[in-house]
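The values are calculated or read from the model by the stated rules, or taken from the named source; none is laboratory data. Small disclaimer: the values here were computed from a predicted structure and weren't measured. So basically every Cβ, Gly included, is an ideal-geometry build from the backbone, and we count neighbours across all protein chains shown. Just the protein is used for accessible areas: all its heavy atoms, side chains included, with ligands, DNA and RNA removed. Shrake-Rupley method; radii C 1.70, N 1.55, O 1.52, S 1.80 Å.
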Amino acid sequence: MNFNPNKIIALNSASFVIYLLFSSCYGGGSHSNCKIQNKLAGKEAIVEAQSQSKLRSEFLQVLRSRRPTQVPLTVKPAKPVKNPLYQMPPPTREEIEILDSTPKADIGNLEELLEEENLYLNIEKGEQGRLPVMILKLKRSNKQRKKPVVVFLHSSYTNKESMRPFLKAYASRGYIAISVDSRYHGERATNTTTYIDALISAWKTGETMPFIYDTVWDLIKLADYLTQRRDIDLSRIGITGISLGGMHAWFAAVADTRYAVVVPLIGVQGFRWAIDNDKWQGRVDSIKPLFEVARADLGKGAIDKEVVEKVWSRIAPGLASQFDSPYSVPTIAPRALLIVNGAEDPRCPLGGLEIPRAKATEAYRKFHCLDNFKFIAEPGIGHQVTRFMMKELADWFDRFLNP
């Protein structure tokens, strides 16, 4: 069962609204706490679902607007990557220890019991049209029972191999754990400036969308692939990521309702709010060479909010307007959504999340699913993940995906 953007764009009928409600709320069976009352939770829920459908259709149109020629989805075997490419210094010992703190089953010979798959999904023509995928699961698991899946998405300048501690821990607990290289990262990069070069090229030419959007398209295709596997419970697909990976998880869930449980880590932010409130510097600094080029092209002496707004509009249309968090985050309802940020994160300022949080809460209320939404801002924490976040992440997936 492949996801067909053309079909979704065309469906604005009541039948699609009913499909959305039932697939999102009942698809997980006992894994969803959503209680639909009066058949479809009443008129409010239907109106909300219609609004979600409209935004989703508009977002898919933008994703399709700069796509190269699509090819039939095919799978090819790959080999494990021995020396993964980092476009910045690799994780520190402390960062690795935090990821290693992810709850895992007490299995003494875990490495011997893990089964690893490496493969490529051919998605579209061009050098970025091949999606590298790494999968870990237990060899001894009951092959008759379909398993839940969690997709783990890496941060900027790293790679899917950096997610291995997550994959091992979740595989030990009965999940099929997956990671991919986002566009211009890992096996899809050739040197330490590949990602920045792609961002600058997108600004110059307007031909690609390497910031968030192109990888979201990959994640739609990944979901297509997952539907072809016999070992996966299609009603129990989760997605999470760190920083840039958190943004990928957020927008993948907006685009594709097959992602049933969603946990963006230090990724959700208010792009428009940051511009209007002069809080854009933290995010801009993470990819500053792009903004310096844009500043020079626009004849500016310094990066200012006009430069920031023009860059977002050029490389990710709608990111600071109709697809920003106040509008896109509520479209994930009624699926299970946990947003975890640091309260002092300069890249995801807390002030910019007040409206998205309030609107998301209202959307979940309309579906009578308030227990399916949770927002955490860990006190005293900047742009970093913590052991506390690892525990909250694991608890959320275990609660809704029930491995």
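Straight-line cross-link reach from Lys300 at under 20 Å between alpha-carbon atoms covers these lysines, not counting any fewer than eight positions away in the same chain: Lys204, Lys279, Lys288, Lys310. Taking every DSSP beta bridge that has both residues in the chain, what percent is antiparallel when rounded to the nearest 5? Approximately 40 percent, going by the DSSP bridge assignments. Note: relative contact order over the stretch 145-254, using C-alpha pairs below 8 Å and six or more positions apart, is 39 percent. The listed residues Thr69, Thr386, once ranked by accessible area (1.4 Å probe) with the largest placed first, stand as Thr69, Thr386. Under a Gaussian network description of the chain, with springs only between Cα atoms under 10 Å, the residue in Gly108, Gly282, Gly186 that fluctuates furthest is Gly108.
Build a GNM of the chain with springs between Cα atoms under 10 Å apart, and of Pro346, Pro334, Pro326 the one that fluctuates most is Pro346.
A straight Cα-to-Cα reach below 27 Å connects Lys76 with the lysines Lys125, Lys137, Lys139, Lys143, Lys146, Lys147, Lys160, Lys168, Lys221, residues fewer than 8 places away in its own chain not being considered. Taking 24 Å as the straight-line reach from the Cα of Lys366, the lysines in range (excluding those fewer than 8 positions away in the same chain) are Lys35, Lys39, Lys43, Lys54, Lys374. Contact order for the stretch 211-336, expressed relative to its length and based on alpha carbon pairs under 8 Å spaced 6+ residues apart, stands at 24 percent. Is the stretch 343-403 best put as rounded, prolate or oblate by its Cα gyration tensor, with a ≥ b ≥ c the root eigenvalues, rounded for a/c under 1.5, and otherwise prolate when a/b is larger than b/c, oblate when not? Note, shape of the stretch 343-403 comes out oblate.
Using the Karplus relation 6.51 cos²θ - 1.76 cosθ + 1.60 with θ = phi - 60°, the per-residue 3J(HN,Hα) values for the stretch 96-113 come to 5, 5, 5, 5, 5, 6, 3, x, 9, 6, 7, 10, x, 10, 4, 4, 5, 8 Hz, with x marking Gly and Pro.
Shape class of the chain from the Cα gyration tensor (axes a ≥ b ≥ c, square roots of the eigenvalues): rounded, since a/c falls below 1.5. Using a 1.4 angstrom probe on heavy atoms only, work out the carbon and sulfur share of the accessible area of the stretch 51-399 in %. Within the stretch 51-399, the accessible surface is 50 percent carbon and sulfur.
Summing charges over all other residues whose Cβ lies under 15 Å from the Cβ of Leu319, with Lys and Arg as +1 and Asp and Glu as -1, gives +2.
Its relative contact order, with pairs defined as Cα atoms under 8 Å and 6+ residues apart, puts the chain at 19 percent. Residues whose amide H lies under 5 Å from that of Ile107, counting only those 5 or more places away or on a different chain, are absent; hydrogens are built 1.01 Å from N in the peptide plane. Of Ala252, Ala336, Ala198, the residue with the greatest mean-square motion in the GNM of the chain, using alpha carbon springs below 10 Å, is Ala198. Tell me, how many Å apart are the Cα centres for the stretch 332-363 and for the stretch 199-264? Using only Cα atoms to place each centre, the spacing works out to 19 Å. Starting from the Cα gyration tensor of the stretch 202-295, take the square roots of the eigenvalues, sort them a ≥ b ≥ c, and report rounded, prolate or oblate (rounded when a/c is under 1.5, otherwise prolate if a/b is larger than b/c, else oblate). Verdict is prolate for the stretch 202-295.
The residues of the chain expose on average 41 square angstrom of accessible surface per residue, using a 1.4 Å probe on protein heavy atoms. Against the criterion of solvent-accessible heavy-atom surface with a 1.4 angstrom probe, Thr192, Thr227 sort, most first, into Thr192, Thr227.
The solvent-accessible area of Met88, taken with every protein chain present and a 1.4 Å probe, is close to 90 Å².
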